[in-house]
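This report refers to the structure that appears directly beneath it.
Throughout, read-outs are computed from the coordinates displayed, never taken from laboratory work. Computed from a prediction, not measured in an experiment: that's the story for all the values here. Neighbour counts run over all protein chains shown; Cβ positions are idealised from the backbone, glycine included.
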Amino acid sequence: MRKLKLQMQVTIDGFVAGPEGQLDWMTWNMDEKLLALINHLTDTSDTILLGRKMTDGFIQHWEHAVSQPESHQDSLFARKMVDMPKVVFSKTLDHVDGQNARVENGDLNEALTQLKRAPGKDIVVYGGATFVSSLLENGLIDELNLFVNPVAIGNGMRIFRNRQPFTLKASVAYPCGIVVNTYNRRNSASGDLR
């Protein structure tokens with residue numbers, strides 16, 4: 001069965017965005033080793049999940065980056081983001097503009113179970129905060145890759161609403177100051193990894 005992997009930026013005090021969704025705290029000058037990890041997470045996946053609120057910005061950003069790349073590397077990564085199938089979960093939309101994007105209106109648990117059982121590589125989710133919270137609350141994310149930025153913002157949006165057990169798989173500090181903590185979900189009843 002395919003895994004659902006989260007890749008998300010977070011502050012050292014546990015926020016994924018400012019109170020109004022601000023992302024001005026993120027480290028944008030990433031080093032080559034961190035970029036290699038991001039490419040690895042992308043290359044081992046063949047589907048992107050998105051929440052409704054972040055979809056427009058995500059699709060517009062990457063489709064623009066394909067046409068206006070800052071470098072050859074940016075162009076290659078942007079092309080991956082545009083070409084990869086995207087599933088947008090929404091209860092209010094039935095269509096989104098963008099290449100290789102479709103809307104899923106069905107039950108979250110059922111839809112994710114079907115996606116995980118389908119053949120292919122893993123599935124990656126980037127956000128947004130409310131959508132990721134729902135996935136976590138329903139025990140649907142198998143691996144968390146939290147990109148901890150060297151900044152505290154005091155308050156903002158979080159993705160965790162309740163206590164959940166995880167097992168640390170790896171923690172790597174990168175020269176740009178980001179520490180990537182990778183966790184596997186632990187079955188709370190038995191202590192086993194899922």
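Where Lys and Arg each count +1 and Asp and Glu each count -1, what net charge lies around ALA173 among other residues with Cβ under 14 Å from its Cβ? Walk me through the numbers on the way to the answer.
Numbers: positive: LYS33; negative: ASP31.
In short, 0.
Once the chain from ASN184 to ASN105 is taken as fully extended at 0.36 nm per residue, the excess over their C-alpha distance is 25.7 nm. Phi angles of the stretch 58-65 translate, via the Karplus equation with coefficients 6.51, -1.76, 1.60 and θ = phi - 60°, into HN-Hα couplings of 4, 5, 4, 4, 6, 5, 5, 5 Hz per residue; Gly and Pro are given as x.
The C-alpha radius of gyration of the chain, expressed as a fraction of 2.2 N^0.38 Å, stands at 1.00.
Note on the chain: with a GNM built from Cα contacts shorter than 10 Å, the maximum mean-square fluctuation among LEU34, LEU168, LEU146 falls on LEU168. From most to least packed by mean Cβ count within 10 Å, the peptides 37-47, 113-123, 130-140 give 130-140, 37-47, 113-123.
Taken about its Cα centre, the chain carries a charge dipole of roughly 720 debye when the Cβ of each Lys and Arg holds +1 and the Cβ of each Asp and Glu holds -1.
For LEU35 and PHE160 in one chain, what is 0.36 nm times their gap in residues minus the Cα-Cα distance, to one decimal in nm? Present the calculation step by step, with values, prior to reporting the outcome.
Numbers: separation 125, 0.36 × 125 = 45.00 nm, distance 2.61 nm.
Contour length minus Cα-Cα distance gives 42.4 nm.
Straight Cα distances below 21 angstrom link LYS86 to the lysines LYS3, LYS5, LYS53, LYS116, LYS121, with same-chain residues fewer than 8 positions distant left out. Computed from the Cβ-Cβ distance with R0 of 25 Å, the FRET efficiency linking ARG117 to GLU137 stands at 0.75. If a spin label sat at a point 7 angstrom from the Cα of ASP13 along the line to its beta carbon, the backbone N atoms of the stretch 136-174 nearer than 12 Å would be those of 151-157. A Gaussian network model of the chain, with springs between Cα atoms under 10 Å, assigns the largest mean-square fluctuation among ASN29, ASN155, ASN184 to ASN29.
With an 8 Å cut-off on Cα pairs and a minimum separation of 6 or more residues, tell me the relative contact order of the chain in percent.
Relative contact order for the chain comes out at 34 percent.
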